[in-house]
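In what follows, a structure is listed as structure tokens, so that the remarks can point back to it.
The values are calculated or read from the model by the stated rules, or taken from the named source; none is laboratory data. Predicted model, so just to flag it, every value in this text is computed and none were measured. Cβ sites come from the backbone with ideal geometry, for glycine too, and all protein chains shown count toward neighbours. These accessible areas exclude ligands, DNA and RNA; they are computed on the full protein's heavy atoms, side chains included. Shrake-Rupley method; radii C 1.70, N 1.55, O 1.52, S 1.80 Å.
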Amino acid sequence: MRETSVAPGSEGALRMSLPLAGTALDDPSTDGPFTPFTRLVLRAHGAAIDPKSSGAVAFLTLESGSGLQLHAAAGRTDGEALPLTLMRAQMKSRRRMLVEIPDISAERCQQSAPPGERNNGFISLLGAIIRDKNGDAIGMLGLLDREQRRHSRDTLLTIADLARGVAALHAARQEAQHATTSAEPGLIDPVTGLPGRRSLVAQIEHMASPDAGRALFSLFRIDFGGLAALNDAYGRDIADRYLRHLADRLEAVAPVPGHLAHLGGSGFVILVPGRMGSSDADSMAQRMMDRLREPAQIGTLELPVRLSVGLAMYPADLPAPRGEASPAEEAAQLLLAAEAAVAHAKTQGDGRHSRAIRAVTDSHTLSNGLELDLQAAASAGAFHLNWMATIDTASEHVTGFEALLRWNRPGFGEVSPGLFIPVAEASGTIEMLDSWSLRAACIEAQGWNTPLSVAVNISSMWLSHGRLSRTVRRVLDETGLDPSRLQLELSARTTLDEDGHLRRELSQVRAMGVRLTLDDFGSGYSSLGALTLFPFNKVKLDRQFIAALGQDRRVEIITRSVLQMVQSLGMTCCAEGVETEAQLAFLDAHGCDEIQGYLLGRPAPKLPPQAMEAEADRTPA
């Protein structure tokens with residue numbers, strides 16, 4: 001089919017349109033190499049290929065030298081403009097792959113898009129972001145629908161798998177093109193003229209081999225920030241010239257002897273042979289950064305240079321003693337260690353360097369591929385709940401249990417919620433996790449022999465979608481749980497914007513008889529405002545207040561004031577993180593209704609039957 005394109009940075013002036021009506025999208029003779037993927041997207045969606053019977057259009061866009069191009073489409077099309085502004089925003093976002101937007105008109109970026117994009121007749125978008133081997137977004141395989149709808153987990157996973165297939169095919173085609181234009185295919189980077197990843201790996205393997213005496217050496221991984229934004233603003237040609245300029249600078253600062261290579265994207269590596277102490281390596285990294293951070297002059301443009309450096313030393317930064325793995329395995333391990341180090345340096349801000357200590361590498365390895373594993377776990381419901389008791393402060397009797405979501409990641413063991421919950425929120429899978437937790441907790445609570453309360457944590461990231469009240473109602477109907485026993489907890493750590501949709505959703509949930517709790521009170525900027533804007537029944541004090549009781553008089557004054565305020569508002573108050581008798585005594589004396597903490601019990605995967613029986617004996621008939 002005919003390809004259409006728009007140059008990066010000029011989306012407001014040009015539009016990228018689908019083929020006009022009458023184009024034979026279902027004629028195999030017009031197929032490009034990617035057309036079958038769009039037909040498979042339609043089949044996964046359940047739509048017919050016949051343009052007369054389907055309101056959905058599958059599409060594939062990919063970056064090329066001239067900008068974003070439409071490479072394939074299937075379905076009923078009539079020259080409509082693709083929502084390019086929305087697609088660009090999703091490609092630039094932190095989400096790793098899947099995009100599902102039931103109402104694209106509600107997206108802020110779509111509201112400011114050119115009229116043709118806003119009024120193209122499409123209502124919902126389902127897609128998967130296509131990324132290259134460096135993780136950079138290079139396109140989208142998606143489905144535009146003229147109806148508002150949500151899609152099944154199987155459909156989401158199928159489209160994600162098809163997007164990976166597109167990425168693999170696109171990479172293979174690019175490698176084939178490079179092979180025809182390079183005297184040493186795969187060894188020389190065509191943009192910078194530097195040795196590529198294959199050349200670097202071969203050099204590391206040689207130096208780590210017994211034949212070379214397992215020589216000592218260090219790797220400096222240099223990553224330059226802002227390349228994607230530069231490409232979007234000025235186009236691929238300027239971005240390539242910028243990379244060549246950086247390569248020239250690196251050649252000027254690289255130690256001799258040394259081996260400089262371009263890994264692709266904005267990543268470079270300098271291999272420096274010989275023994276080097278930690279202080280010497282730090283000094284070398286700092287000298288390189290000082291010489292590289294001057295702005296780059298590309299034509300009439302003066303472009304800032306932002307960089308981070310990660311250092312890995314052979315054999316000190318290998319996960320096992322030298323020689324236990326093959327040279328190829330050690331090369332991969334060392335490159336991963338350098339990648340982990342530069343990733344850690346980026347978390348400290350631009351212009352920093354970091355050494356690949358074991359904890360940093362282990363954390364990076366754990367998070368690498370986390371989003372895909374989490375999406376698979378969400379589809380399979382591969383989670384479990386731990387239970388934390390809530391205790392009445394005065395009687396020290398159990399009043400309920402909080403359900404805490406836990407995940408055992410295959411090959412890694414239990415992953416901290418502090419790691420996988422933010423990833424789920426960023427990738428859009430948090431709604432699936434919250435829905436699973438809600439249903440599993442209600443099923444468990446319905447089986448208890450005493451009607452204690454059950455608390456479930458809900459992320460505010462998806463509440464504005466307008467589906468919380470429907471989800472809660474469905475779960476209550478399915479499980480038969482009394483709504484008055486259910487408590488939903490929203491964290492004050494996440495901003496609760498003054499949003500009419502959010503307030504309406506929470507009001508509908510509370511109208512069912514479900515109780516609402518503002519968790520982590522005092523940890524966020526909007527805690528006080530949330531109490532006036534949203535219909536909460538209960539407040540949970542953040543553990544930072546409780547930990548300082550008996551140690552900081554100012555915290556004690558604030559805590560007393562908060563407890564008095566909560567009582568005046570007619571709400572109940574729970575303190576989390578109670579670990580000492582002194583903390584319990586303070587809270588009891590000042591009217592805190594409930595507590596949680598290790599003083600009276602730790603989270604457990606199973607509730608002891610005798611504990612439930614004991615609480616049943618205390619519950620009046």
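In the range 369-407, which residues are modelled with pLDDT under 90 and not aliphatic (A, V, I, L, M)?
Result: GLY369, GLU371, ASP373, GLN375, SER379, GLY381, SER395, GLU396.
Looking at the range 530-538, is at least one residue at pLDDT 90 or above, within 27 Å of GLN508 (Cα to Cα) and of a type in the set (A, V, I, L, M, F, W, C)?
yes
What residue, of SER379, SER354, is touching a helix residue (DSSP H, G or I) at 6+ places or on another chain (Cβ under 6 Å), touching a residue at least 24 places away in the same chain (Cβ under 8 Å), surrounded by fewer than 21 Cβ atoms within 10 Å (Cβ to Cβ) and farther than 30 Å from ASP211 by Cβ? Even if it seems obvious, please write down each step before you answer.
Working: SER354 fails: surrounded by fewer than 21 Cβ atoms within 10 Å (Cβ to Cβ).
Step by step, each of SER379, SER354 is checked, and only SER379 is touching a helix residue (DSSP H, G or I) at 6+ places or on another chain (Cβ under 6 Å), touching a residue at least 24 places away in the same chain (Cβ under 8 Å), surrounded by fewer than 21 Cβ atoms within 10 Å (Cβ to Cβ) and farther than 30 Å from ASP211 by Cβ.
List pairs: first residue in the range 586-601 and without any contact (Cβ under 8 Å) to a residue 24 or more places away in the chain and under 17 Å from ALA547 (Cβ atoms), second residue open to solvent by less than 60 Å² (accessible area, probe 1.4 Å) and in a helix (DSSP H, G or I) anywhere in the structure, Cβ distance under 9 angstrom, at least six positions apart or on different chains.
From the range 586-601, the pairs are LEU599/GLN583; LEU599/LEU584.
Taking into account only those residues within the range 188-235 that are β-branched (Val, Ile, Thr) and farther than 21 Å from LEU307 by Cα, which is least open to solvent (accessible area, probe 1.4 Å)?
Filtering the range 188-235 for residues that are β-branched (Val, Ile, Thr) and farther than 21 Å from LEU307 by Cα, the one least open to solvent (accessible area, probe 1.4 Å) comes out as ILE204.
What are the residues in the range 70-95 that are in a loop (DSSP other than H, G, I, E, B) and either out of contact with any helix residue (DSSP H, G or I) (no Cβ under 9 Å at 6 or more places or on another chain) or within 26 Å of HIS501 (Cβ to Cβ) (or both), if any?
Hits for the range 70-95 are ARG76, THR77, ASP78, GLY79, PRO83, SER93, ARG94, ARG95.
Condition check: assigned to a strand (DSSP E or B), out of contact with any Phe, Trp or Tyr (no Cβ under 8 Å at 6 or more places or on another chain), modelled with pLDDT of 85 or more and among the charged types (D, E, K, R). Does GLU147 satisfy that?
Working: assigned to a strand (DSSP E or B): no; out of contact with any Phe, Trp or Tyr (no Cβ under 8 Å at 6 or more places or on another chain): yes; modelled with pLDDT of 85 or more: yes; among the charged types (D, E, K, R): yes.
When the stated conditions are applied, GLU147 does not pass them.
Could you please give the count of residues in the range 441-472 that are more than 24 Å from the chain's Cα centre (by Cα) and either in a helix (DSSP H, G or I) or on the phi > 0 side of the Ramachandran plot (or both)? Walk me through it before giving the result.
Taking the range 441-472 as the starting set, the residues that turn out to be more than 24 Å from the chain's Cα centre (by Cα) are 441-455, 469-470, 472.
Among the residues that remain, those that are also either in a helix (DSSP H, G or I) or on the phi > 0 side of the Ramachandran plot (or both) are: 441-446, 469-470, 472.
Summing the residues that are more than 24 Å from the chain's Cα centre (by Cα) and either in a helix (DSSP H, G or I) or on the phi > 0 side of the Ramachandran plot (or both) in the range 441-472 gives 9.
Tell me, please, whether a residue that is crowded, with 19+ Cβ neighbours inside 10 Å, assigned to a helix (DSSP H, G or I) and either of a type in the set (Lys, Arg) or touching a Lys or Arg at 6+ places or on another chain (Cβ under 6 Å) (or both) can be found in the range 297-317.
No, the conditions are met nowhere in the range 297-317.
I'm trying to understand the selection: among the residues of the range 403-424, which are crowded, with 19+ Cβ neighbours inside 10 Å and either among the basic types (Lys, Arg) or within 10 Å of the chain's Cα centre (by Cα) (or both)?
Of everything in the range 403-424, those that are crowded, with 19+ Cβ neighbours inside 10 Å and either among the basic types (Lys, Arg) or within 10 Å of the chain's Cα centre (by Cα) (or both) turn out to be PHE420, ILE421, VAL423, ALA424.
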